[in-house]
Every structure is written in C-alpha cells, then in structure tokens.
Amino acid sequence: MECPHLDKISSGPEHSASFSSLEAPGSEFKCSECDSTESVWLCISCGLLSCGRYVKAHGLKHKEYSKTHSVCIETKELSVFCYDCDEFVINDTQDKYIEHLRTKLIQKTILLEKPEAESSQVRALRPRAKRAVNSPVMGGSSPKKSKQILKNEAAQKKKNSEKSRSPKKRLGLKNLGNTCFMNSVLQSLSNIEKFCSILTSLPSLEHQLNTNREAKSALTRLSADGIIVTEELKKVLRILRDGEDKSNAITPESLLHAIWKVVPRFRGYQQQDAHEFLRYMLDRLHTELLLLLPGKFRNDRVDEVLRGAPLAKANSVVTSVFGGTLQSEVTCLNCRSTSKKLDPFLDLSVDIPQQFTGPVRKCKDRDSGTPNCHIHDCLQKFMETEELADSERFYCNTCKSKQPSTKKFMIRRLPNVLCLHIKRFRWTAYARTKLDNYIEFPVTGLDMSGYLLENQSGTRLSSAGSSLYDLAAVIVHHGSGTGSGHYTAFATNNKAWFHFNDCTVKESDYQTVCTSKAYILFYVQRELDFS
C-alpha cells in the first residue's frame, strides 16, 4: 500500500548515516531490548533495532512509546511495514530514502558475512602441522593403538555414510524488496520434483541460441536483450534442489533482473500478485522452450509462437507438466443447440461460492456447527452451468443471430500437476477486497474424477489412480491488502513438510499445512503420464 506516514519522516542519506546500528563494524543485527536476532526491524525514524510482533513485539512497543515512529524495515528481508497503517509499504519518499536504507542494509550484511568467508579461506590456506603416524611400520606404536585407529576410521566412515544419506539442507531465498511473491513461487516449483528434475536436466538454451540463427532472431523479436529466463530459473532450482550452498539462503538477483527485462510490469519493489507472476513465468518458459529446444518446433511456426499460439497446438515441458484441457459447452436457450470447444489450461482459477463469503470464519470455527468451504465446493462452482450476460450473448449458427445462452465447463484431460488458484481478491465499486475465508483442502487423495468427461477420446482416466492427486505445495497470502501483505509457501520434500518464509526455512507439520489459508495449491497426480 501507499503509506502516507513516510512524508513525515526526516529522510535523506545524512539522516540514516547517523544510525549507529548501520555503522558499527562487525556487529550483528539484534533487538536492543532482548538481543533476539530473529525478525529484527530497523526504525527508519531513529535507527533503533527491535524484534517483530511474532518474537516479543519490541518494535510495536517502541512505536507505542514514541507515538510517531510507525515505519520500520526488516533487516534481512528488506520489507517495509507501517504500524499505523498495519500494512506493508510499497512507496518511497521523493529522495528515495527507503531505497537508500535498503542499500545500506545490504552493504552491512555483506560486511557481516565477509569476515567469516575470509577466515575460512585463511584456514584452508594455512599449512597443516605434521602428525605422527601411529603405525607399527613407523615404529613406536603398538598393535593395540593400530586397532584403535582402524576403529576410529570405521566410525568416521559410518558417520560420513549416514551424513550422505541424510536429507539435503533446505535453502531459503533472500527478499530483495517485496519479492516474497517470487520466492514463494520458486520454492513451490523447486519442490515439484518431476518439473524441477526435467527442467534442470535440459540442455543449455544459451548454446542453442548461439548456434541457431532463426531461434536467436525470434527470441530477439520477443525480447530486445535476448534474455533467457529459463536459464536463470534453472540455476536457482539446481541450488535449491541440491542444497549445497554454504549459506542458509541464496539471492535470486539475476533471475529477478532477467524478469524485469522481459516483463516490465514486475520492475521495481512493489508487491506483486504471486499468481500473476506464476502465469507470466510459465508462459515465458513455454515460449522460450519452443523457440530454442531442437526438434520441438518447426521453423514455419516461430511466428505463430510469437503471436501467442494456443498451448494445445505447441507442447513443451511446461505443458507436459501443468497442461490440461477443458471442454466448454455453450447452449442456445432458444433452439437448445450446443457448441463445444476445447480450451487448454495451465491452472484453474476457482471462485469461493457466495454462501461462504459472508462473515469470515477462521479454521478454528470448524467445530462450531457452521460448515466451512471445501475446495470441492470451489471446483463444483467452477463446473456448474451459468447463464451468460447479455453482453456475452452467443451467436447461434442455427438461429443465425445472438441468443441468450448458458455455458458449462468440464475437464477433458487432467494435468500431471494440477494448479488450483483460489480467487481471493475481488473488485467492488470502490476498491479491491480480499476474501480471507478458510478453505478446507485434502493433503492426500484429492479426487478429480467427478469433474471429468467420461468415455471421451483423449480423456485421461485410464485407471482410478490417475484422477487422484496429492498435495506438493501451498502458497499463502498473509494480510488484508491486495498490493501489500506477505507471501509464504509450504512444500513437501522427502515426506517432510517445510515452511518457506523468504530466508527462513522451518520444518512444519501436517496440521499446520491443513489449517493454512491457501491461495495457490499444487497437486501432483499419483500416476504421472507424459505421453
């Protein structure tokens, strides 16, 4: 949101230069009251460091005591929050004070990490002291000692073996300034095993670009800089999948800048919609893969791809994983004739039925006797027959004129990964509002058979398992604002659930996932079919 309280703050580089917390060398960010290093916020009015409301709320207490110091910035995630507005802030002062503070915080973080890196480097280069080898051949060693050495070596080998079999470390993603929408999507995609595995194993698209003139010309027409977003995404997914980075979080800066260049609407540090970002990302990957992968397209189809060819006519890794097919039926209410059309989809955007959109009921109210909305209620509403508005009247070939009509959707082909977007944001006459209702959803065994066309050629329903889905990831939007708030993700990996909150990654549990207020759900089909 646009915060009006920023204008009241004495800003400018000379103001923040007086903050001792930013200038003190080698000092870690920690709360001035309780010394907590978790969720530390910097008051942009006076530079005081305080913990957030989910720790001991010393930042909130500082605001209440000072009366006017309402705006603060998170020292790691770099997100800005106003206690008076009770929302995350997306605007800046005229002299770019927030941007200046972000730069100072990044520089401070680099300085904090640098000594550790240098010390490890010094240790690696330091000559090791020679150790006496306890061996009968060298003399002065008994067979008993030799057995002890062998025993220690065996124990060490066992320890290393157990370590190699242990789950890889889950890495976080640094917030580069309201980029939690991107981080939640990236963490979700990285934990959809099949998609991540296929994408990261693709050949170099940069090589294809350099060796294929027609593809290079086509991509240049698509993006003046010839940016390949797929390559940047592959790098991030590989690191997240392997968990081999020495830090606890990586910085997806190159990917962000690549996206800025190809999708201007995501430039800057404003909060964006995670679903819109996901769709732009998948559409861009689909187009790049069609243009650059050999054997995946014919040269005479480049123009068609650039014009936005229907996904059903051009297959890529994206459509193989996320692509499904809807069949829409429009029926003329005058002559009852029906027109059928196939529509490809990468996700389904489902409404919350009106009977559940009254007063908000939290998940803890499920035992109060009032039923909660279930994801099946949303899917059923998506599939139900609706009468089209007068402005959308269907031209009936039988009646030879536009007639009142109805429209109905059914699924003809299920995707390998089913992405369900719950439409929580709605426009009113005055503003855009959020529906914060809790939606029940299964973690295992989502049955989609009731929404499928039966006995139709091309319908993916070869066995009972092919219509069952298990949850892989959930994206949650926190807050009431539409241009603000915060995104986090839950995802499963090696049969364990994790909560990804930008830099912070914590193991979670089944119950916490079940009670989250889902915004985007990713379900993986039990019987994958890439035919």
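The values are calculated or read from the model by the stated rules, or taken from the named source; none is laboratory data. In this text, all values refer to a predicted model and were calculated from it rather than measured experimentally. We place every Cβ from the backbone using ideal geometry, glycine too, and count neighbours over all the protein chains shown. What goes into the accessible areas is simple: the full protein's heavy atoms, side chains included, and nothing from ligands, DNA or RNA. Shrake-Rupley method; radii C 1.70, N 1.55, O 1.52, S 1.80 Å.
When you check ASP300 against the structure, is it part of a helix (DSSP H, G or I) and at pLDDT below 85, yes or no?
yes
Only one of (1) modelled with pLDDT of 85 or more; (2) under 30 Å from LEU199 (Cα atoms) is not met by ASN334, so which one is it?
Exception for ASN334: condition (2).
Answer yes if at least one residue in region 38-50 is outside any loop (DSSP other than H, G, I, E, B) and either modelled with pLDDT under 75 or among the acidic types (Asp, Glu) (or both), and no otherwise.
No, the conditions are met nowhere in region 38-50.
With the checklist (1) modelled with pLDDT of 85 or more; (2) within 26 Å of PHE266 (Cα to Cα) in hand, flag the one item SER197 doesn't pass.
Checking SER197 against (1) modelled with pLDDT of 85 or more; (2) within 26 Å of PHE266 (Cα to Cα), the one that fails is (2).
For the list (1) at pLDDT 85 or above; (2) among the aliphatic types (A, V, I, L, M); (3) open to solvent by 10 Å² or more (accessible area, probe 1.4 Å), I need the number of the one condition that ALA473 fails.
Status for ALA473: all satisfied but (3).
So how many residues does region 379-406 have that are part of a loop (DSSP other than H, G, I, E, B) and either touching a helix residue (DSSP H, G or I) at 6+ places or on another chain (Cβ under 6 Å) or touching a residue at least 60 places away in the same chain (Cβ under 8 Å) (or both)?
4
So in region 388-429, with the set limited to residues that are among the β-branched types (Val, Ile, Thr) and open to solvent by less than 30 Å² (accessible area, probe 1.4 Å), which one is farthest from the chain's Cα centre (by Cα)?
The qualifying residue farthest from the chain's Cα centre (by Cα) is THR406.
Which of the following residues is more than 19 Å from GLY177 (Cα to Cα) and among the hydroxyl-bearing types (Ser, Thr, Tyr): TYR83, TYR65?
Just one listed residue meets the conditions, TYR65.
Quick grid of which residues meet (1) modelled with pLDDT of 85 or more; (2) part of a loop (DSSP other than H, G, I, E, B); (3) within 30 Å of CYS82 (Cβ to Cβ); (4) touching a helix residue (DSSP H, G or I) at 6+ places or on another chain (Cβ under 6 Å):
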{"position": "TYR430", "(1), (2), (3), (4)": "no, yes, yes, no"}
{"position": "THR433", "(1), (2), (3), (4)": "no, no, yes, no"}
{"position": "GLN456", "(1), (2), (3), (4)": "no, yes, no, no"}
{"position": "HIS477", "(1), (2), (3), (4)": "yes, no, yes, no"}
{"position": "THR512", "(1), (2), (3), (4)": "yes, no, yes, no"}
{"position": "VAL524", "(1), (2), (3), (4)": "yes, no, no, no"}
{"position": "ASP529", "(1), (2), (3), (4)": "no, yes, no, no"}
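Report every pair of residues separated by at least 6 positions or lying on different chains whose Cβ atoms are under 9 Å apart, first residue within region 229-243 and open to solvent by 10 Å² or more (accessible area, probe 1.4 Å), second modelled with pLDDT of 90 or more and acidic (Asp, Glu).
Between residues of region 229-243 that are open to solvent by 10 Å² or more (accessible area, probe 1.4 Å) and residues that are modelled with pLDDT of 90 or more and acidic (Asp, Glu), the close pairs are ARG241/GLU193.
Looking at region 51-89, which of its residues are under 24 Å from the mean Cα position of the chain (by Cα), assigned to a strand (DSSP E or B) and either at pLDDT 90 or above or closer than 25 Å to GLU253 by Cβ (or both)?
Within region 51-89, ILE73, GLU74, VAL80, PHE81, PHE88, VAL89 meet the criteria.
Would you confirm, using the coordinates I've provided, whether SER467 is open to solvent by less than 30 Å² (accessible area, probe 1.4 Å), at pLDDT below 90 and in contact with a Gly (Cβ under 9 Å, 6 or more places away or on another chain)?
Judged against the criteria, SER467 is a match.
Take the residues in region 348-378 that are among the acidic types (Asp, Glu) and in a helix (DSSP H, G or I); name whichever of them is modelled with the highest pLDDT.
Going through the qualifying residues, I end up with ASP377.
Identify the single condition in (1) in contact (Cβ under 8 Å) with a residue 12 or more places away in the chain; (2) on the phi > 0 side of the Ramachandran plot that LYS67 does not satisfy, given that it satisfies every other one.
Looking at each condition in turn, LYS67 falls short on (1).
Can you name the residue in region 74-111 that is under 13 Å from CYS3 (Cα atoms) and aliphatic (A, V, I, L, M) and, of all such residues, is most open to solvent (accessible area, probe 1.4 Å)?
Among those that are under 13 Å from CYS3 (Cα atoms) and aliphatic (A, V, I, L, M), it is ILE90.
Here's a check for you: in region 232-254, which residue that is touching a helix residue (DSSP H, G or I) at 6+ places or on another chain (Cβ under 6 Å) and under 17 Å from THR504 (Cβ atoms) is modelled with the lowest pLDDT?
ASP245
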